[in-house]
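The values are calculated or read from the model by the stated rules, or taken from the named source; none is laboratory data. All of these numbers come straight from a predicted model, not from anything done at the bench. In this analysis, Cβ positions are derived from the backbone assuming ideal geometry, glycine residues included, and neighbour counts consider all displayed protein chains. In case anyone asks, the SASA skips ligands and DNA or RNA and just uses the protein heavy atoms, side chains included. Shrake-Rupley method; radii C 1.70, N 1.55, O 1.52, S 1.80 Å.
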Amino acid sequence: MFDTQRETPRTLDRLWPRLEPLLPDADDRATFRARLDQYLPDLLGLLVELYGSRYDFFWHLEQILGAAARSYAARSADLKILDRQREADLLWYQGERMLGGVCYADLFAGNLAGVRKKMPYFKELGLTYLHLMPLFAQPDGDNDGGYAVSNYREVDPKIGTTAGLAALAADLRENGISLALDFVFNHTADNHDWAKRALAGDPDYQDFYLMFPDRGLPDQYE
């Protein structure tokens with residue numbers, strides 16, 4: 001049995017020498033380490049429960065923490081300020097002033113540029129967050145309303161670009177509005193790179209999916 005409270009400090013002490021160089025700024029290192037000390041026990045407990053029996057579990061754990069460290073090092077100054085504000089008020093999202101709007105970018109405003117032009121309207125409504133429905137690259141036709149995603153690293157070219165999405169997020173933030181997006185990683189299109197590798201027989205990517213020899217059992221779910 002993995003004792004999370006006992007093993008987490010040992011695990012972190014062993015991984016930290018490989019994480020530390022990814023955070024060249026001293027303040028970033030201190031902040032990231034403090035967050036790991038606080039939250040890693042819970043995170044590690046959940047990961048062990050789900051994937052602890054895998055032979056490569058700790059390799060994947062290192063990859064997760066390394067990706068988090070690199071992302072934090074690249075995080076913009078205004079987002080780091082927002083992080084600190086929210087850490088000082090951990091229930092900020094439950095505030096009585098929180099008011100959200102939900103829409104498909106293309107159906108509501110044509111594209112991401114059109115959404116940006118709606119900023120005065122969002123402020124008039126008093127929105128504090130805007131939830132955009134699936135907007136990542138997707139196949140034409142049967143894509144489950146955009147939830148069957150072809151690539152989570154690319155915005156659907158019909159509505160904009162990743163750079164345009166980042167600009168929209170920054171613009172919203174300057175106006176006191178947070179951006180929320182859907183990330184449903186257990187639901188990809190059949191032309192997603194993971195799916196194509198799984199269909200080609202790669203066992204690592206087949207582990208991402210439920211694989212069946214024919215349509216018999218899947219069709220019963222319909």
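Just need a number here: residues in the range 21-53 that are open to solvent by 70 Å² or more (accessible area, probe 1.4 Å), touching a helix residue (DSSP H, G or I) at 6+ places or on another chain (Cβ under 6 Å) and not hydroxyl-bearing (Ser, Thr, Tyr). Residues that pass the stated criteria total 0. For the range 182-195, the candidate set comprises residues that are at pLDDT 90 or above and loosely packed, with under 14 Cβ neighbours inside 10 Å; within that set, the residue that is nearest to VAL102 (Cα to Cα) is ASP190. For the residues THR8, THR31, the requirement of being more than 20 Å from LEU172 (Cα to Cα), touching a Pro at 6+ places or on another chain (Cβ under 6 Å), β-branched (Val, Ile, Thr) and in a helix (DSSP H, G or I) singles out THR8.
So, in the range 108-132, how many residues would count as being farther than 22 Å from LEU82 by Cβ and open to solvent by less than 50 Å² (accessible area, probe 1.4 Å)? The number of residues fulfilling the criteria is 3. Does ARG18 count as touching a His at 6+ places or on another chain (Cβ under 8 Å), basic (Lys, Arg) and either in a loop (DSSP other than H, G, I, E, B) or open to solvent by 70 Å² or more (accessible area, probe 1.4 Å) (or both)? Judged against the criteria, ARG18 is not a match. Here ASP171 meets each of (1) exposed (fewer than 12 other Cβ atoms within 10 Å of the Cβ); (2) modelled with pLDDT of 95 or more; (3) within 16 Å of ALA105 (Cβ to Cβ) with one exception, condition (1). Considering (1) modelled with pLDDT of 95 or more; (2) open to solvent by 80 Å² or more (accessible area, probe 1.4 Å); (3) farther than 23 Å from ASP182 by Cα, the lone condition that VAL102 does not fulfil carries the number (3). Scan the range 144-156 and give yes if some residue there is among the hydroxyl-bearing types (Ser, Thr, Tyr) and crowded, with 18+ Cβ neighbours inside 10 Å, otherwise no. Within the range 144-156, one or more residues are among the hydroxyl-bearing types (Ser, Thr, Tyr) and crowded, with 18+ Cβ neighbours inside 10 Å.
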